[in-house]
1. With among the hydrophobic types (A, V, I, L, M, F, W, C) and either modelled with pLDDT under 95 or at positive phi (or both) as the only criterion, which of Phe196, Phe142 stands out?
2. Identify, by number, the condition in (1) within 26 Å of the chain's Cα centre (by Cα); (2) at pLDDT 90 or above that Ala298 doesn't meet.
3. Of the residues that sit in segment 138-164 and are part of a helix (DSSP H, G or I) and assigned by TED's automatic domain parsing to the domain that holds Phe100, which one is surrounded by the most Cβ atoms within 10 Å (Cβ to Cβ)?
4. So if I check each of Val86, Val56, which one is under 12 Å from Ile15 (Cα atoms) and among the aliphatic types (A, V, I, L, M)?
5. Can you tell which of Leu292, Leu280, Leu227 is assigned by TED's automatic domain parsing to the domain that holds Thr203, of a type outside the set (Gly, Ala, Ser), out of contact with any helix residue (DSSP H, G or I) (no Cβ under 9 Å at 6 or more places or on another chain) and surrounded by 13 or more Cβ atoms within 10 Å (Cβ to Cβ)?
6. Any idea which residue in segment 42-96 is modelled with the lowest pLDDT, counting only those that are under 16 Å from the mean Cα position of the chain (by Cα) and polar (S, T, N, Q)?
7. Take the residues in segment 112-137 that are at pLDDT below 95 and assigned to a helix (DSSP H, G or I); name whichever of them is surrounded by the fewest Cβ atoms within 10 Å (Cβ to Cβ).
8. I need the full set of residues from segment 93-111 which are surrounded by fewer than 20 Cβ atoms within 10 Å (Cβ to Cβ) and among the small types (Gly, Ala, Ser), in order please.
Amino acid sequence: MGPSVLDTGRSVVTIGVYDGVHRGHQRVVERVVAIARQRGLRAAAVTFEPHPDEVVFPGSHPHRLTSPRRRGELLTGLGVDEIVVVEFTLELSRTSPADFAQSVLGERLRAAVVVVGENFVFGQGASGDIDTLRTLGDKYDFAVEVVPTLDDISSTAIRERLVAGEVEAAAAALGRPHRVEGVVVRGYQRGRQLGFPTANVETPQHTAIPADGVYAGWLQCVPVANLPTLYPGERWPAAISVGTNPTFEGVPRTVEAYALDRDDLELYGAHVAVEFAARLRGNTRFESIDALIAQIHADVDAARRLTR
């Protein structure tokens, strides 16, 4: 048990988008928290919203691994005392490294130590690097510590794994199953008609959704302000379908989750999380409803084995 946070106003800071809060991010944040506890300072994380690529490269819309709310939840869970969400604008993108260090690290957070990954860049045109940061640290009275990156772990690489449907590889890099969140809305109710009622999850735009297919995973309600909190503390093994359901033509791409052996759940309007454990198969067009039902039974059995 380290010293409690002192009322010095100074902090140990890390800076980054932190989309996904993957295992590489976690190493940096854990180091921030460790130094802060040792020195009795605040542990702070500076993140950006919207994603900088959306501003610097309009129309790029990188698929988000975590919502801002979930990102904050994960950072807080790692021990961060303060999360500073900086609005990323064109004006900010043109800010020099020196001005950023002065206004955010020096004046706003009174940084004593800044902890970053070894590929860290900042400021206009990514013109500032770790050497720049150290020089500015001498000027604004903060030390710099660099945490080595983990090989092949990045938000971009995780997005690529999800596009390929490789949710187990994504989970290994994240340190937890990939999660998609959204509000349960009314769909075509075909699952209910087939005996497998599903939660049809309306996800935010540009969410990183795995490739079309059928997956094993989990479904749970997530407390969110201004929405009903249903079934608190419950988390159900689930069979998950992503895609257009080719057996029924004209269906938009959806994320649907069937909580195994539960036909009594009333989830409309609830905010839920769908977590992906393993891919069972790709999407297939079945020639008959009976063939589809038989395959769903097989999918449910497989999901049960993988999530028990």
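1. Values: Phe142 fails: either modelled with pLDDT under 95 or at positive phi (or both).
That would be Phe196, the only listed residue that is among the hydrophobic types (A, V, I, L, M, F, W, C) and either modelled with pLDDT under 95 or at positive phi (or both).
2. Single failed check for Ala298: (1).
3. Pass one, segment 138-164, residues part of a helix (DSSP H, G or I): 138-140, 155-163.
Cutting the leftovers down to assigned by TED's automatic domain parsing to the domain that holds Phe100 gives us 138-140.
Details: Asp138: 10, Lys139: 11, Tyr140: 15.
If we take residues in segment 138-164 being part of a helix (DSSP H, G or I) and assigned by TED's automatic domain parsing to the domain that holds Phe100, then Tyr140 is surrounded by the most Cβ atoms within 10 Å (Cβ to Cβ).
4. Values: Val56 fails: under 12 Å from Ile15 (Cα atoms).
Of the residues listed, the single one that is under 12 Å from Ile15 (Cα atoms) and among the aliphatic types (A, V, I, L, M) is Val86.
5. Numbers: Leu292 fails: out of contact with any helix residue (DSSP H, G or I) (no Cβ under 9 Å at 6 or more places or on another chain); Leu280 fails: out of contact with any helix residue (DSSP H, G or I) (no Cβ under 9 Å at 6 or more places or on another chain).
After applying the criteria, what remains is Leu227.
6. For segment 42-96, the residue satisfying everything is Ser67.
7. Gly125
8. If the condition is that a residue be surrounded by fewer than 20 Cβ atoms within 10 Å (Cβ to Cβ) and among the small types (Gly, Ala, Ser), then Ser93, Ser96, Ala98, Ser103, Gly106 are the ones that fit.
The values are calculated or read from the model by the stated rules, or taken from the named source; none is laboratory data. The shown structure was predicted, so the numbers you read here are calculated from the model rather than taken from an experiment. Note that we place each Cβ from the backbone using ideal geometry, even for glycine, and neighbour counts take in every protein chain shown.
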